[in-house]
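Worksheet for the structure shown next.
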Amino acid sequence: MRGLLKHIQVIKKQFLIIPAAYLLVALLAPVLANRDPLILVQAGQWSFPSFSNSPYVEIFRPEGEFEQIRKDVINWSEQEPDFILFAPVRYDPEPSDLQNSNYVSPFEKQYAQSSRGHQVSLPWSKRHWLGTTKTGSDVLSGIIYGTRYDLMIGLGAVLIAAVIGIAAGVISGYFGDRSLRMPLLSLLLCLLLIPVSWLASFGNVSVVHGEIASLSFLIRLLILFLIPLLPFIFYKFLGNIPFPGRKMYFPVDSIISRGIEIFLSLPRLVLIITLAAVMKPSAWNIIIIIGCTSWTEIARLIRAEVLKLRTQSFVDSARVAGFPALRIFFRHILPNALIPASVVMVFAIAVAILTEAGLSFLGIGVPYGTVTWGTLLFDGKENFSAWWLVLFPGIAIFGLVWSLNNMGDHIRSIYSRNPA
Amino acid sequence: MTSYLFRRILSFIPTLLAVILASFLLLKLSPGDPVERIIGSAMPDEKGAGSAAMQEQTRSDWRHRLGLDLPVFYISIKPWSPASEGGVKSLIPVLKINPDNQFHRYLFGNGNFSAGLLHGDFGMSYATRQPAGELIYDRIGWSLFFTLLSVVLAYLIAIPIGLKAGSNPGSPFARRSDLVLTFLFSLPAFWVATLLLMTFCNPDVIHLLPASGVKPVGGYPEGMPFLQRILKTIPYLIVPTICYTYSSLAFVSRTLQVTITDLMKEDYIRTARAKGLPEKLVVKKHAYRNALLPVITLFTGVFPFALSGSVILETIFSIPGMGYTIYQSVADQDYPVIIAVFTITGVITMAGFLISDILYALADPRISLYRKKIPA
């Protein structure tokens, strides 16, 4: 953890400001844009309507009774609380403002319905500063909540890619072709156990429909991968058996490198679109799809770094000092390999966000009703006169991607000046 | 050299197999019953007609014709005891070998109804009931045209910029080009495309260029000479070409710049300087030539990038290419066509890799001498 902080401290402040601002907007989204008041004080009682899940809000009357009013129909200008604090943007992205539907420009006159049903012009505090969409959703609010969504997808996808990439890169770089020795029996047993684990997790209809039917997908996945790994976990025990237990070399490096090569030659965006079309549209699926298709760069880099570091003198001296292999690995090799990989990861976040935006721009992947930068652009391409729908979300995407690219360049220049 | 070529071409095979397996798996995983889709979408009048028994007959006919009643793969795993009994026995797998199966038919066809993937048959489109392959072969031309045009243009512009900026790092030109290239690199192409369309192809703002398609809506007038046809087509190509080109341009130029900056620190550059060569000659004769080698490899990065990036751009500009096809098919949930596009793009990408690797080996004698490893 301390190493990570040190790593971040080296980066110049100016490259961190914009990504940090995006992160702040994402974290504070419900405070920045909310239909309901953040703080409501009436008769000395504090309440926080925007953070409660109830669809009603309790309004105290001067007579001492209170009334429950639905949040989506309440007219706050008629109420007289002691103190009321609204978010700067007074709209949620989803329930739309029907008075201002059908593409209202930021500069156009915007309307509201008065309590008597007349159309009056919208007060400044409730203005749609960046216009509205066809259904009348507020664009600014959509951009604020979209930040949350897009950052989640970018960071989540890169996290998945990093886990897969680091594992693959480290295994192939550290063990190489000629140092991982395992009993032959382990491999044979593993091959035999793959169909068993398949039957136990997904394959067998009776098990699926029977008592284990309630098993969640994740546990099944765990069973699927754990059972074939058992012979490798008990390799010491299996190694005692004379003939089939004889140890042999596993060319892990060749296997993983081949896998990376194959993966690299698949057309990435087309693969993502195909997967997104075949799978159910949801944010998690998008994260998983993008994560599982972008690990190759990280794996390649980590592999190359580990290969380089393995022969460094400080690793040799640690070995001579008698440290166990795992300690050398986690304390000396992995942290040093992670530094150059962090550059690729920063770029990968930018690419993941661009990919998501592109997918939602096509209307693929995100479930209907979710508001992201890409879906706003998707709305914008339907109607070319609604320039605000294209310009502002695009600026949001560009700003984040540009700042991430600059940050990546900067980190690279730091570590290429004084290599680790 | 020959042995390197041989090895490289041999390594093409597992990748090809992986693409084919992946596409088959995707086809099997795609939701919905193909028989229902084919009957439902292609024969709307037949669907309601006839008795339930007749409908059932049609269904099983189609199921048989498509080979859906066969096992999925060459090897299938069945539990020892029937599924209903449960217990430990139902967890013991039994391997079965099926010479005739769905994957085999997917690859080789079944003799009369489909010809198989290896003969260019990708199955039948749910939406139009046309062969999926035919749909795509008609459209592959435009995708390749724009991809190649943009890659060539990007190289023509990017190489001089990259060389100039990379050979004097820290100079005002390098700093400025770095700024502009990072800017261009970060601009999402689909956003720029929409903005350009909104400004230059919008009757409300500036109606300079046509907004979509690649030729006049009504087609060319009868008997128009070829040259005039080209002139008529050019306005349709301007905006798409800009959008296709600028992002690959930034990519190539940036990579080239990094390469040449590293190269200038090499020993042989110092030697060339030490023996008193003027800086101009050092850069021209020693640095540029070597820096241009990786540009060939870059081709492998740019080509698939441009090819798959075209999905979004083709959709925006309504260019009748592969990307537009995949977009339409996703909207129609026309899985055979989607997967056919995936397979064809994969094969083209891999061919691009193969060609560039061979070119590289021809250009750089060091490659063919050593066993090829993944570049770090």
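The values are calculated or read from the model by the stated rules, or taken from the named source; none is laboratory data. Because the structure is a prediction, the values reported are computed rather than measured. Cβ coordinates were reconstructed from backbone atoms using ideal geometry, including for glycine residues, and neighbour counts include every protein chain displayed. In case anyone asks, the SASA skips ligands and DNA or RNA and just uses the protein heavy atoms, side chains included. Shrake-Rupley method; radii C 1.70, N 1.55, O 1.52, S 1.80 Å.
A compact table of results
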read-out: Order by protection proxy (mean Cβ within 10 Å, highest first), peptides B:283-292, B:225-234; value: B:283-292, B:225-234
read-out: Protein-only accessible surface order, largest first, of B:124, A:279 at 1.4 Å; value: A:279, B:124
read-out: Buried solvent-accessible surface, both chains (B, A), 1.4 Å probe, Å² to nearest 100; value: 4600 Å²
read-out: Using alpha-carbon coordinates, inclination of helix A:283-293 to the longest axis of chain A, degrees; value: 30 degrees
read-out: Residue A:39 long-range amide H proximity, modeled H, under 5 Å; value: A:85
read-out: Fraction of accessible area attributable to carbon and sulfur, chain A (%, probe 1.4 Å); value: 66 percent
read-out: Extension gain from residue A:71 to residue A:292, taking 0.36 nm per residue of separation minus the Cα-Cα distance; value: 75.4 nm
read-out: Residue-wise HN-Hα coupling along region A:395-408, computed from phi with Karplus coefficients 6.51, -1.76, 1.60 (Hz; x: Gly, Pro); value: 4, 4, 4, 4, x, 5, 5, 5, 5, 5, 4, 5, 5, x
read-out: Anisotropy class of the protein assembly as shown from Cα gyration tensor, a/c 1.5 cut; value: rounded
read-out: Where chain A is the region considered: accessible area per residue in Å², 1.4 Å probe; value: 52 Å²
read-out: Area accessible to solvent at residue A:60, 1.4 Å probe radius, in Å²; value: 70 Å²
read-out: Å² of accessible area per residue within chain B, as computed with a 1.4 Å probe and no ligands counted; value: 52 Å²
read-out: Hz values of 3J(HN,Hα) by residue in region B:324-334 - Karplus curve (6.51, -1.76, 1.60), Gly and Pro given as x; value: 5, 4, 5, 5, 4, 5, 5, 5, 8, 6, 8
read-out: Shielded residues, region B:318-337 - accessible-area loss of 20 Å² or more between chain alone and all protein chains, probe 1.4 Å; value: B:326, B:327, B:330, B:335
read-out: Shape call, region A:1-64: gyration tensor on alpha carbons, a/c limit 1.5; value: prolate
read-out: Semi-axis lengths, Å, region A:33-177, gyration tensor of Cα atoms, sqrt of 5 times eigenvalues; value: 43, 23, 11
read-out: Equivalent ellipsoid dimensions for region A:118-186 as semi-axes, Å, which come from the Cα gyration tensor, largest first; value: 57, 10, 7
read-out: Area of residue B:175 that stays accessible when all protein chains are in place (1.4 Å probe, Å², to 10); value: 150 Å²
read-out: Segment residue B:80-residue B:92, length gained on full extension (0.36 nm per residue, minus Cα span); value: 3.8 nm
read-out: Accessible-area order (highest first, 1.4 angstrom probe) of the listed residues B:324, A:149; value: B:324, A:149
read-out: Across A:236/B:78; A:13/B:164; A:308/B:164; A:280/B:28; A:134/A:280, pairs whose alpha-carbon gap is larger than 21 Å; value: A:236/B:78; A:13/B:164; A:308/B:164; A:134/A:280
read-out: With every protein chain in place, chain B: carbon and sulfur % of accessible area (1.4 Å); value: 66 percent
read-out: Expected 222 nm ellipticity per residue - DSSP helices of 4 or more, -39500 (n - 2.57), all of the protein assembly as shown, to 500; value: -19500 deg cm²/dmol
read-out: Positions from region A:366-384 whose accessible area shrinks by 10 Å² or more when the full protein complex is built, not the chain alone, probe 1.4 Å; value: A:377, A:381, A:384
read-out: Cα long-axis angle, helix B:226-263 against chain B (0 to 90 degrees, to the nearest 10); value: 70 degrees
read-out: Filtered trypsin sites (Lys or Arg not before Pro), region A:236-297: DSSP coil and at most 15 other beta carbons within 10 Å; value: A:246
read-out: Virtual spin-label span in nm between residue A:135 and residue B:228, 7 Å along Cα→Cβ; value: 5.1 nm
read-out: Shielding by other protein chains, A:299-312, mean Cβ within 10 Å; value: 1
read-out: Long-range HN-HN contacts of residue A:56 with modeled amide H, under 5 Å; value: A:71
read-out: Average beta carbon contacts from partner chains per residue of B:178-191, 10 Å cutoff; value: 5
read-out: Accessible-area order (highest first, 1.4 angstrom probe) of the listed residues A:128, A:332; value: A:332, A:128
read-out: For chain B, the fraction of alpha-carbon pairs in successive 20 Å shells from zero, as %; value: 21, 44, 28, 7, 0
read-out: Gaussian network model of chain B, springs between alpha carbon atoms under 10 Å - residue of B:276, B:133, B:166 with greatest fluctuation; value: B:276
read-out: Rounded to 10°, Cα long-axis angle of helix A:373-382 versus longest principal axis of chain A; value: 60 degrees
read-out: Choice from A:160, A:69, A:286 with maximal GNM fluctuation in chain A (Cα, 10 Å cutoff); value: A:69
read-out: Percent of alpha-carbon pairs separated by more than 35 Å within chain A; value: 48 percent
read-out: Loop-exposed GluC sites (Glu not before Pro) per DSSP, neighbour cap 13 Cβ within 10 angstrom, longest uninterrupted part of chain B; value: B:86-221
read-out: Heavy atoms of residue A:226 accessible to a 1.4 Å probe, total area in Å² rounded to 10; value: 80 Å²
read-out: Of A:228, A:393, A:281, the one that fluctuates the most in a GNM where chain A has Cα springs shorter than 10 Å; value: A:228
read-out: Region A:63-115-region A:316-355 distance, computed between alpha-carbon centres (Å); value: 51 Å
read-out: Test item: A:275-281 mean partner chain Cβ contacts at 10 Å; value: 5
